[in-house]
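Just so it is clear, none of the values below were taken in a lab; they were calculated from the coordinates. Note that the coordinates shown come from a computational prediction; the quantities given were computed from them, not determined experimentally. Quick reminder, even Gly has a Cβ in these numbers, built from the backbone with ideal geometry, and neighbours come from all protein chains shown.
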Amino acid sequence: MNLTYAQLLETNNLIQQNTDETYWLCLTRTVQESKLFPVSPYMILSYFMCFYRYPALLRKIEQHMRAEDIGDRARNMGIKIQNPSMGWCLPSFYLLGREYLITMGLIRPQDAVEDVVYVMDFWKRYELAWHRNDGHLTNRDFGHRAQVLPERRLQIFHADMYDCVEGDPLHTAAQAFMAATSQYGFLVSCESRIALHNQGPYKLDDEREMIVRDFMDLAEGDYPWLDGVAADMPYNNLTVPMAVKGVHFNIIDDWGSFESQPEFKSEHVVGVGLYTSDTLSEGYIPVGMGSREELTRTFNELAEKAKDATNKLWKRIAGWSRDQMMDAGAITYFSIVKDLAHVAGCYEMEDWMLIDQRAERFRPLLNDEYSNMSLWEILGPLSNPCQRTNEYQLCQHANIPARMYSLIPYTILKDGDYTATVGDLQPGITYLPPKEDRYRTTRGVLPLADYNRHARDFTPTVCDDNNRWLCESWLKYHHDTPEAEALYRAEQQHSRVLKDKGAGLRRADVERLRGK
């Protein structure tokens, strides 16, 4: 790579954007703690893994599919490469691993510079594609909002959801499902929040808004610790559009967390739906949406399955050693962007479910005391010498002369004093049992070879060459064309209310049709 001044300027800008957002998120959100898992140690171990593995893995993925092409596909399904996975985790996990190594004196800010430039560029291209409809790079740039879905999908979520009120059977079942599945996902992800995602808000009328909540990695799939435990979970990903009344979501940030005025409570939910999707599906597929009674029954059945899987998983984890808990937590964090490889059809278990041997060297250092204190130091007071700036400077959100992530020095363009890369993928190890070759998809349970083959051979209709470029700006002026009509009908094929209604509907038309 022939590095240019423009590349370094842009890369440092992207690093600084992540510095500002990460510091804000750490100041305004709750502390990650667990009485079971060594959370801080496994987080730090994962950061080292990200620094050493992400560059080679992302380059491998782009041999099959470009970052921006994956972003377009991810926008049409509720899988894990949405915010926060890509909006914050990919760049910040990588940059945190880099900053730890700089802090330790093991690398300099100009080392692995070609990797840094590439990772940040991959992230930028993916994010711009995924956020194509709101025109932003991150939720932060949108005042902490995420309005990524196209009108045609929002119309279907709006039209097909069933109204409910607190205390009725559907409302009770939906709340029980979301509570049980949230708890299950929290344990699946080693008592972290990365199995849950929120996006929105979307305006339904002057009194109601809609947020879209995704529950991910619920079934037998990538994680070895779900083999057998999640055999009865019929869906790997589930999406719940929720209509709310009497509350406004003023923040949905790059961690997928939200704030509202007034405080959001279950009583505010006045409508729900349920869908599944993945790399192999034509968008979002309705689950139990044939009738109000069917949806109520489906929510209840899935809640019981989540509770049963939770109990089984507790029993499995109870027998784990500290090293196994470290492995599972580090793998969960590191592999948060693994669905990039699934979309591209090049996922390999050894790439994502093992601890890189270069990161493994740090395990003896990562006791609870060191990990808790060092993580706080690098994220909170920013007191490491490499994080300090000159005494005249003040960082965003705090009156201290510091930045969380080190910038690349421009002198490398003159003296060439840098290293290019950490190199190719290295072998990995794990203390966990081996992964069984079973992956739950919308086409059934598949061995990985078949899963990859189907992914490589499949292009969703809305992403094919005829439809991919029909963006919201184009549709604004061409909604009455045959091309727009075909695109909307393709999206509407599974809709209970809007099937074959085509393009040209306004929000009031959707409300009228759902009233029928």
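Fewest neighbouring Cβ atoms within 10 Å first, the residues S260, S182 line up as S182, S260. Bridging of K245 to aspartates and glutamates at a Cα separation below 14 Å is possible for D163, E166, D205, D206, E207, E209, E263, E267, once same-chain residues fewer than 8 apart are set aside. Per the Debye formula on identical point scatterers at the alpha carbon atoms of the stretch 432-496, with no solvent, log10 I(q)/I(0) at q = 0.16, 0.20, 0.23 Å⁻¹ is -0.70, -0.85, -0.97. Between E436 and D465, the C-beta separation translates, for a Förster distance of 35 Å, into a calculated FRET efficiency of about 0.40. The relative contact order of the stretch 464-516 comes to 26 percent, based on Cα pairs under 8 Å that sit 6 or more residues apart. A straight line joining the Cα centroids of the stretch 54-101 and the stretch 464-497 runs 28 Å. The calculated P(r) of the stretch 132-243, using every Cα pair and 5 Å bins from 0, goes 2, 10, 17, 19, 18, 16, 12, 5, 1, 0 in percent.
When each of the peptides 131-138, 507-514 is scored by how many other beta carbons lie within 10 Å of its residues on average, the order from highest to lowest is 131-138, 507-514.
Its alpha carbons give the stretch 464-516 an Rg and a Dmax of 11.5, 36 Å.
One quarter of the surface of the convex hull around the alpha-carbon atoms of the chain equals 23.8 nm², the direction-averaged projected area.
Kirkwood analysis of the stretch 402-457, using all unique Cα-Cα pairs, places the hydrodynamic radius at 16.7 Å. Each Lys and Arg Cβ is given +1 and each Asp and Glu Cβ -1; about its Cα centre, the chain then shows a dipole of about 340 debye. Exposure proxy ranking for W123, W320, W376, based on other Cβ atoms within 10 angstrom of each Cβ and starting from the fewest, stands as W376, W320, W123.
The C-alpha atoms of the chain define a longest principal axis, and helix 90-103 lies at about 20 degrees to it.
Look at the dipole of the chain built from charges on Cβ: of N12, N384, T28, the Cα furthest out on the positive end belongs to T28. Counting only Cβ charges, +1 for Lys and Arg and -1 for Asp and Glu, the dipole size of the stretch 462-516 around its Cα centre is about 460 debye. With the charge dipole of the chain set up from +1 on Lys and Arg Cβ and -1 on Asp and Glu Cβ about the Cα centre, the Cα lying farthest toward the positive end among the listed residues I81, N399, G221 is that of G221.
Both numbers refer to the Cα atoms of the stretch 358-516; Rg and Dmax are 27.1, 72 Å. Taking every C-alpha pair closer than 8 Å and separated by at least 6 residues, the mean separation divided by the residue count of the chain gives a relative contact order of 23 percent. Suppose a student asked you for the relative contact order of the stretch 117-250, using Cα pairs under 8 Å spaced at least 6 residues apart; what percent would you report? Result for the stretch 117-250 is 18 percent. Exposure proxy shown here: for I61, I44, the number of other Cβ atoms within 10 Å sets the order, fewest to most, as I61, I44.
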